[in-house]
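Rule-based calculations on the coordinates, nothing more; no lab input. Quick caveat: nothing in here was measured; it's all calculated off a predicted structure. No Cβ is skipped: glycine too gets one built from the backbone with ideal geometry, and neighbour counts run over all protein chains shown.
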Amino acid sequence: MPANEREGIKFNQPKTDQERSEIATACASKLGLTIPCVVDGIDNKVGDTYGGWPDRLYIIDKDGKIAYKGAQGPGGFKVPEMVGKLEALTKK
């Protein structure tokens, strides 16, 4: 499989959680990131569940459940709809 390249970082597509974690660590180091980073599993479960690409707005309720999942943005952002959901949640 061809190597991926971005920002001067080259890597082969990972096949395991461990390989993905090692690549993420190397990328964070190369990019000088100082914020905590998390890495999705090789199964992409978090990415598939939240579907955040390219951009998406969420509201997570007090129980940690998704109360609002907006459409893909920025064109799909419906701020008035989201505000309405926030208002409804805070009235309970």
So if each residue of separation counts as 0.36 nm, and I subtract the Cα-Cα distance between Glu19 and Asp61, what length gain in nm does that give?
11.8 nm
Sort 62-74, 16-28, 32-44 by packing, meaning the average of other beta carbons within 10 Å per residue, with the highest value first.
16-28, 62-74, 32-44
Say R0 is 35 Å: what FRET efficiency, to the nearest 0.05, do Asp43 and Val79 get from their beta-carbon distance?
0.60
Where Lys and Arg each count +1 and Asp and Glu each count -1, what net charge lies around Gly73 among other residues with Cβ under 14 Å from its Cβ?
+1
Set Lys15/Lys45; Lys15/Lys65; Lys65/Lys91 screened for pairs whose C-alpha atoms are more than 21 Å apart:
Lys15/Lys65
